[in-house]
Amino acid sequence: MSTPQLVVHRDKELMAQAAAARLITKIVDAQTSRGYASVVLTGGRNGNGLLAALAAAPARDAVDWGRLDLWWGDERYLPEGDPDRNDTQARAALLDSVPLDPARVHPMPASDGPFGADVEAAAESYAADLRKASGPENHGSVPTFDVLMLGVGPDTHVASLFPELPAVRETERMVVGVHGAPKPPPTRISLTLPAIRSAREVWLLAAGEDKAQAAAIALSGAGEIQAPAAGAYGRSRTLWLLDAAAAAQLPRSLYPPASP
Ligand SMILES: O=C1O[C@H](COP(=O)(O)O)[C@@H](O)[C@H](O)[C@H]1O
């Protein structure tokens, strides 16, 4: 378990730009050392804000987009192309603007796909895709992701792991179906905490005053069932990327000033 590191930026725009620059560098370094990079995307306002900032970044095309594997941490279980799906929003923010290899982009199943209303079967299908992509060097049933990004919800949810619901309690499976999510839509697919913890680095994105209480709860030693963000950590690094508004309830001793 890697102890959380915090970086706090002046505002959400600067946080998104700085996080995008950080992601570009991480991807380029991985591609240089291993020939490819593997990143897990997150949805929501902060996740999409980062992707939009990346699309506009001057160094954007330092990334070899054809050698980037993209996965999702969660998905709203809606028809393909639905505007509320995380992958729909990610494509609009960035993915449709860069020359990705479609074979290396792995959206989660849609509700109008082969599994229909059976979200558990859809989740198992994604788990099978992860297993297929996990080589012997990965020591497990998911690839070793270079960076796994998570937006932090105002209730401390990450991916589609909501406080007290069954999905956050899962300890064996890597991907599960979610029913009754308190944030619409109610039916979702999500990586579980064991899958999240397989990543080299986990980056938690929290910007905006509505995230301040969630950040304070998650970083104050709360349990992962009550505060799923508290259970999200990487094998070698756990990085919280915040703006000043989201950090407002944190002890000042937790982080040095990252920008004036
Ligand atoms: O519903 C979701 O919420 C979280 C957080 O979204 P935000 O708008 O509060 O930043 C998001 O990370 C997740 O992917 C999404 O499905």
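The values are calculated or read from the model by the stated rules, or taken from the named source; none is laboratory data. Just so it is clear, the structure is predicted and the values come from calculations on it, not from any experiment. We place every Cβ from the backbone using ideal geometry, glycine too, and count neighbours over all the protein chains shown. The area values use the complete protein model at the heavy-atom level, side chains included, leaving out ligands, DNA and RNA. Shrake-Rupley method; radii C 1.70, N 1.55, O 1.52, S 1.80 Å.
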> Of all DSSP beta bridges in the chain, what percent run antiparallel (nearest 5)?
Replying inline: 25
> Once the piece of chain linking A59 and T25 is laid out straight, how much longer is it, given 0.36 nm per residue of separation minus the C-alpha distance between them?
Replying inline: 11.3 nm
>> Give me the Å³ per residue figure for the convex hull around the C-alpha atoms of the chain.
In response: 116
> In debye to the nearest 20, how big a dipole does segment 10-85 give about its Cα centre with +1 on each Lys and Arg Cβ and -1 on each Asp and Glu Cβ?
Replying inline: 300
> So for K12, K211, what's the accessible-area order with a 1.4 Å probe, most first?
Replying inline: K12, K211
>> Please compute the modelled spin-label separation between E13 and M1, points set 7 Å along Cα→Cβ, answer in nm with one decimal.
In response: 3.9
> Calculated from DSSP H runs of 4 or more alone, at -39500 (n - 2.57) each and per residue, what is the 222 nm mean residue ellipticity of the chain, nearest 500?
Replying inline: -8500 deg cm²/dmol
> In the neighborhood of A218, defined by Cβ-to-Cβ distances under 11 Å, what is the net charge if each Lys or Arg adds +1 and each Asp or Glu adds -1?
Replying inline: -1
>> With +1 on the Cβ of every Lys and Arg and -1 on the Cβ of every Asp and Glu, and nothing else charged, how large is the dipole of the chain about its Cα centre, in debye rounded to the nearest 20?
In response: 720
> Counting only protein chains, not ligands or nucleic acids, how are D243, D96, D101 ordered by accessible area (probe 1.4 Å), most first?
Replying inline: D96, D101, D243
>> Using only the heavy atoms of the protein chains and a 1.4 Å probe, how would H106, H9, H179 rank by accessible area, largest first?
In response: H179, H106, H9
> Net charge near M1, counting Lys/Arg +1 and Asp/Glu -1 over other residues with Cβ under 15 Å of its Cβ?
Replying inline: +2
> Hey, rough spin-label estimate for D82 and I225, points 7 angstrom out along Cα→Cβ, what's it come to in nanometres?
Replying inline: 3.0
> Cβ under 14 Å from G151's Cβ, G151 left aside: what net charge do those residues give with Lys, Arg +1 and Asp, Glu -1?
Replying inline: +1
>> Modelling each spin label as a point 7 Å along the Cα-to-Cβ direction, I'd like the N138/Q249 distance in nm, to one decimal.
In response: 3.6
> Between segment 118-146 and segment 172-203, what's the alpha-carbon centroid distance in Å?
Replying inline: 13
